[in-house]
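The values are calculated or read from the model by the stated rules, or taken from the named source; none is laboratory data. Since this is a predicted model, take the numbers as computed values, not measurements. Don't worry about glycine lacking a Cβ; one is built from the backbone with ideal geometry, like all the others, and counts go over all protein chains shown.
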Amino acid sequence: MFNIIILGIVSLLTDVSTEMVYPLLPIFLTTRLGASPAIVGLIEGIAESLASLLKVFSGYISDRFGRRKPLAILGYGSSTLGKIVLYLAGSWPMVLVARIVDRFGKGVRTAPRDALIADSSDPATRGRAYGLHRTLDTLGAAAGVLLAYYFMTVYKGDFSRVFLWAMVPAILGVCALCFVREVPSRRGDAGQSFPSFKWSKLDRRLKGFLVVVFLFALGNSSNQFLLLRARNLGFTPASVLLIYFAYNVAYSLLSYPAGRLSDKMGRKSLLVAGYATYGLVYVGFALASARWHIWALFVAYGFYIALTEGVEKALVADIAPGELRATTIGLHATLVGIGLLPASLLAGLLWNAFGPQATFYFGGLMGLLAAVGIWIVV
């Protein structure tokens, strides 16, 4: 439990930093740097997809050498460097570089960190371990959004001052990570060579689940488009931060109960409910015409994330081969991330060509299809 709490604190501090920046990026890009929604989709798609390619490799390296902590430190340190590049950015290509550096860090750290959580928890309580980590992570996100709102108000819309302050919790998060204890991972019998990763050897349920998740990811565009939709309906930069705060609060409040519930009733039901919620929420964003619609939809979107993110990781950790746990967790994250490039590009192009409704109708359809797919394969 010590490791899980410390890793939760690390994620809390890192998300304070990230969410001081993330909800402001689409507005910063479109209003200050002259980027179009298609450029926003390009930046997010490239950054997330390139970083995601690293997740399976960092997971494999972590399994191969039986070490999680050094890769986690490298990843969190890289994300801190990305904040520095963003502070210096004066054009959208520089923002792209900042996002790539930041997401490189996420790609390197995600699988080793999540495997360390699995290594540090009992299978019977793994859902609540991931739920607790998600709760602390999201509390940090909520705090970061509030701090961004405060600084945007105090500094009268000066984005660079907010980006500067965002570096402080990022540095503190890297320092807190030093207190994490390495846990011996399952490596097989002494004298055996390290097993190679083979898709054909994976559990049938796991393969089916990964395929469904990947197909869903092709329609799951960046959250930046939700923020642009709020701006499209008349929200100011400061009020966009407040609705993003509401999303994070909803996500945080439900994450731990969802993890506990998945331990008792199984992962499948929660995942089906989560993906169905996503589909309905995206249809709601297409139909939204009033400000209160956006508030309600962001809260409901937080419920979707809480029902799926930690529960998915627990499911993968449950079914994955013990000696390849980080590799499999990394593969899951990579498949999700690879889909973000075409998904975000398509979302931006649909928005430019047909308006925001087309972007969200397509995403809603993919979410509902994913719910059906999970019901069938898991």
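Computed quantities for the displayed model
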quantity: Every pair of residues 6+ apart whose Cβ atoms lie under 6 Å, when the first sits in the stretch 40-53 and is farther than 13 Å from residue 338 by Cα and in a helix (DSSP H, G or I) while the second is modelled with pLDDT of 75 or more and not basic (Lys, Arg); calculated: 40/26; 40/29; 40/224; 41/344; 41/345; 41/347; 41/348; 43/96
quantity: Among the residues listed as 12, 7, 86, 71, the single one being in contact with a helix residue (DSSP H, G or I) (Cβ under 7 Å, 6 or more places away or on another chain) and free of Cβ contacts under 8 Å to residues at least 60 places away in the same chain; calculated: 71
quantity: Subset of the stretch 114-146 (residues that are surrounded by fewer than 24 Cβ atoms within 10 Å (Cβ to Cβ), charged (D, E, K, R) and more than 14 Å from residue 263 (Cβ to Cβ)); calculated: 119
quantity: Unmet criterion (only one of (1) polar (S, T, N, Q); (2) crowded, with 21+ Cβ neighbours inside 10 Å; (3) within 18 Å of residue 282 (Cα to Cα)) for residue 223; calculated: (2)
quantity: Residue in the stretch 118-163 that is modelled with the lowest pLDDT, counting only those that are in contact with a helix residue (DSSP H, G or I) (Cβ under 6 Å, 6 or more places away or on another chain) and outside any helix (DSSP H, G or I); calculated: 121
quantity: Residue in the stretch 351-359 that is of a type outside the set (Gly, Ala, Ser), out of contact with any Leu (no Cβ under 6 Å at 6 or more places or on another chain), within 30 Å of residue 242 (Cβ to Cβ) and surrounded by 23 or more Cβ atoms within 10 Å (Cβ to Cβ) present; calculated: yes
quantity: Sole exception among (1) over 17 Å from residue 219 (Cβ atoms); (2) at pLDDT below 95 for residue 337, by number; calculated: (1)
quantity: Breaking point among (1) in a loop (DSSP other than H, G, I, E, B); (2) surrounded by 20 or more Cβ atoms within 10 Å (Cβ to Cβ), for residue 182; calculated: (2)
quantity: Output for the stretch 40-93, where each listed residue is surrounded by fewer than 24 Cβ atoms within 10 Å (Cβ to Cβ) and aromatic (Phe, Trp, Tyr); calculated: 57, 60, 65, 87, 92
quantity: Matching residues, the stretch 228-284, being over 30 Å from residue 205 (Cα atoms) and outside any helix (DSSP H, G or I); calculated: 233, 234, 235, 236
quantity: Lone unmet requirement of (1) touching a Ser or Thr at 6+ places or on another chain (Cβ under 7 Å); (2) part of a loop (DSSP other than H, G, I, E, B) for residue 67; calculated: (1)
